[in-house]
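A quick write-up on the structure given underneath.
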Amino acid sequence: MKIRRILNHPALLDNGRRKTLIVADLHIGIVSFPDKVVDDVVSLVKSTGAERLVVVGDAKHDVGKRFVELKACQELVIKVESEGVEEVLFIRGNHDGGLEAERYFIEGDTAFFHGHFIPNEVLEAKRFIIAHAHPAVFIADEVSGFKERVWLEGFVEIDGENKEVIVMPAFNELCSSTAVNIERPAGTLFKLWDYSRAEIVLLDGTYLGRVEQVRV
């Protein structure tokens, strides 16, 4: 897979054989309907010419089977298909009750899973792309400070083998986020991973250094 970050967006694009837009943590329904986040995904589909859409968990917000959120996910599928997307793949997150979704997705040497647990089937992959953690960085200012969504990228050793890890920022800017330079993010992988040497990148591409270098 030829994956790259999309500048100024919490999304990845695979420019391989099948152009694929990758997003995570949409949390459709976190505030009200209609959700702006759906239109934002559709807009990215248009601008990238994506043929496939992969949602790496938590497409919806309510953990139960809330009908209005499930319907909104169906509407997302209809809208992106009308823009040329041939396949929409939902990966199950901890908020995706009632949504038809896969536990994980593997293509080539890359495994996609939400991150609230690690499926045994992904352990042979060389690269993990996960979500769930809603990574951010706390930036101090003259008053108090603020959080910015970030990409967290590094390597974790599992069974004696280094795996590349890309932790996706939440697509929905209304989601609460975890400042990785202050506290440990949620997710099973973070219980195994000394992510202090992981690299932090802002959505605009600014490289902030390793987590250990920007701890507060």
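Here, each number is a calculation from the coordinates, and none is a lab measurement. Only a predicted model underlies this, so the values are computations on that prediction, with no experimental measurement involved. Note: ideal-geometry Cβ built from the backbone for every residue, glycine included; neighbour counts use all protein chains shown.
The table below lists the values:
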{"quantity": "Cα long-axis angle, helix 36-48 against the chain (0 to 90 degrees, to the nearest 10)", "calculated": "90 degrees"}
{"quantity": "Whether the stretch 42-133 is rounded, prolate or oblate, judged on the alpha carbon gyration tensor where a/c under 1.5 counts as rounded", "calculated": "oblate"}
{"quantity": "Peptides 184-196, 126-138, 86-98 ordered by average Cβ neighbours within 10 Å, highest first", "calculated": "126-138, 86-98, 184-196"}
{"quantity": "Label-zone membership for the stretch 1-41, site T206, 7 angstrom Cα→C-beta point, backbone N under 20 Å", "calculated": "5-11"}
{"quantity": "Simple spin-label estimate for I106 and N15 in nanometres, 7 Å along Cα-Cβ", "calculated": "2.8 nm"}
{"quantity": "0 to 90° range, to nearest 10: angle between helix 67-81 axis and the chain longest Cα axis", "calculated": "80 degrees"}
{"quantity": "Sequence-distant lysines (8 or more away, or on other chains) whose Cα lies within less than 26 Å of K147", "calculated": "K36, K60, K191"}
